[in-house]
Amino acid sequence: MSTATPPPPVSGEVADAASDVHLDTPAGRKRKKSAAGNAARAVTSPWASAVAIILALAWTTPTVGLLVTSFRDQKDIQESGWWTALSTGFTLDNYSQVLGGAEGQPPLTDFIVNSFVIAIPAVFLPLLLASLAAYAFAWIEFPFRNALFVGVFALQIVPLQIALLPLVTMYQQIGINGTYWALWLSHSAFALPLAVFLLHNFMKEIPASLLEAARVDGAGHVRIFFQVLLPLITPALASFGIFQFLWVWNDLLVAITMLGGNAGEGSLAPLTMVLNNISGTLGNRWYLMSAAAFISIAFPVIVFLSLQRYFVRGLLAGGTKG
């Protein structure tokens, strides 16, 4: 009586190859992509769209109420809600009073100029320094490059509040405390670690063959950076520039620390410091507070909308290769 010979054991490599072949079938590909497909269907489902619409309405309703309130007079604000504004009418007196100086308050026009004087250099200075540093970390070989890059990346965990007092002491010693330079240097220093990290990752996605072709044509590092790389990283620069502008424009802590809290007429105070003072002195005058607050909101919104296409391109760039 003969006995059946048992089949030889299947090695791990053969089993893996068989499973790969099985996954290459239509049914296997369907199972392998089921997780991604489920996530995509969940995001694009009608329920997800409904939730997104509800969140958008909840997020924008207070801003719409602030805008409508800023165009109503004091009597209408005290007697009815902002949703009844169509029946009570609108006025531009709130904006004229705030911009021209209401009830002993300095005019906001001077402080709007101060905010732009602070924000524009505080955006372009870190972008220039960070792009140069990112190029060096990405494409130039030098000793301890990786260790230095890790050190720059680690600076992101340093809390802002810890660095303020040493900076004020240093600025007092060199005589620039209470000036625009103190604000420019502070905002640039706080923005550099994140800017270097983001721009470095963006530059590493650029094909090395492009730089090699430029070197064959005789281009050096300066020419490669300004004529080859800089146009390609414009979306990334615009994306970080928007973030930095919003941060500097809405900053209050650094401005108060470096300028000493002086927000009187003729000072270097930004718009946020004046709004902080107005909220204390005109806190019960909602018609003036709403107008001043919306003036402060309007400029970042304009900047964001005007650079929105670069912002989206900068966020999506580098996400895929090929």
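Is it true that residue 255 is closer than 23 Å to residue 68 by Cα and small (Gly, Ala, Ser)? Outline the logic, then answer.
Details: closer than 23 Å to residue 68 by Cα: no; small (Gly, Ala, Ser): yes.
For residue 255, the condition - closer than 23 Å to residue 68 by Cα and small (Gly, Ala, Ser) - is not met.
In the range 220-261, which residues are farther than 18 Å from residue 167 by Cβ, outside any helix (DSSP H, G or I) and open to solvent by 10 Å² or more (accessible area, probe 1.4 Å)?
220, 250, listed by residue number.
Out of curiosity, is residue 234 β-branched (Val, Ile, Thr) and either in contact with a Pro (Cβ under 9 Å, 6 or more places away or on another chain) or over 30 Å from residue 76 (Cα atoms) (or both)?
yes
When the range 83-102 is examined, which residues are found to be surrounded by 19 or more Cβ atoms within 10 Å (Cβ to Cβ) and assigned to a loop (DSSP other than H, G, I, E, B)?
Matches in the range 83-102: 102 only.
Given the condition in contact with a Gly (Cβ under 8 Å, 6 or more places away or on another chain) and open to solvent by 50 Å² or more (accessible area, probe 1.4 Å), answer yes or no: does some residue in the range 74-82 qualify? Even if it seems obvious, please write down each step before you answer.
To start, the set of residues in the range 74-82 that are in contact with a Gly (Cβ under 8 Å, 6 or more places away or on another chain) comprises 76, 82.
After this cut, where a residue has to be open to solvent by 50 Å² or more (accessible area, probe 1.4 Å) as well, the list is 82.
Looking for residues that are in contact with a Gly (Cβ under 8 Å, 6 or more places away or on another chain) and open to solvent by 50 Å² or more (accessible area, probe 1.4 Å), one finds at least one in the range 74-82, hence yes.
List the residue pairs whose Cβ atoms are under 7 Å apart, where the first residue sits in the range 277-294 and is modelled with pLDDT of 65 or more, the second is of a type in the set (Lys, Arg), and the two are 6 or more positions apart or on different chains.
What qualifies is 287/72.
Which of the residues belonging to the range 227-277 are among the β-branched types (Val, Ile, Thr) and touching a Ser or Thr at 6+ places or on another chain (Cβ under 8 Å)? Steps first, answer last, please.
We begin by selecting, within the range 227-277, every residue among the β-branched types (Val, Ile, Thr); these are 228, 233-234, 242, 248, 254, 256-257, 272, 274.
Of everything in the range 227-277, those that are among the β-branched types (Val, Ile, Thr) and touching a Ser or Thr at 6+ places or on another chain (Cβ under 8 Å) turn out to be 233, 254, 272.
Hey, residue 108 hits all of (1) surrounded by fewer than 18 Cβ atoms within 10 Å (Cβ to Cβ); (2) touching a residue at least 60 places away in the same chain (Cβ under 8 Å); (3) closer than 27 Å to residue 270 by Cβ but one; which does it fall short on?
Of everything listed in (1) surrounded by fewer than 18 Cβ atoms within 10 Å (Cβ to Cβ); (2) touching a residue at least 60 places away in the same chain (Cβ under 8 Å); (3) closer than 27 Å to residue 270 by Cβ, residue 108 misses just condition (1).
Per-residue answers, yes or no, for (1) within 16 Å of residue 287 (Cα to Cα); (2) in contact with a Ser or Thr (Cβ under 7 Å, 6 or more places away or on another chain):
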position	(1), (2)
45	no, no
50	no, no
62	yes, no
65	yes, no
74	yes, no
77	yes, yes
81	yes, no
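Exactly one condition in (1) touching a residue at least 12 places away in the same chain (Cβ under 8 Å); (2) closer than 23 Å to residue 241 by Cα is false for residue 85; which is it?
The number of the failed condition is (2).
The values are calculated or read from the model by the stated rules, or taken from the named source; none is laboratory data. Predicted model, so just to flag it, every value in this text is computed and none were measured. Using ideal geometry, Cβ is built from the backbone for each residue, glycine included, and neighbour counts are taken over all protein chains shown. All accessible areas refer to the heavy atoms of the entire protein, side chains included, with ligands and DNA or RNA removed. Shrake-Rupley method; radii C 1.70, N 1.55, O 1.52, S 1.80 Å.
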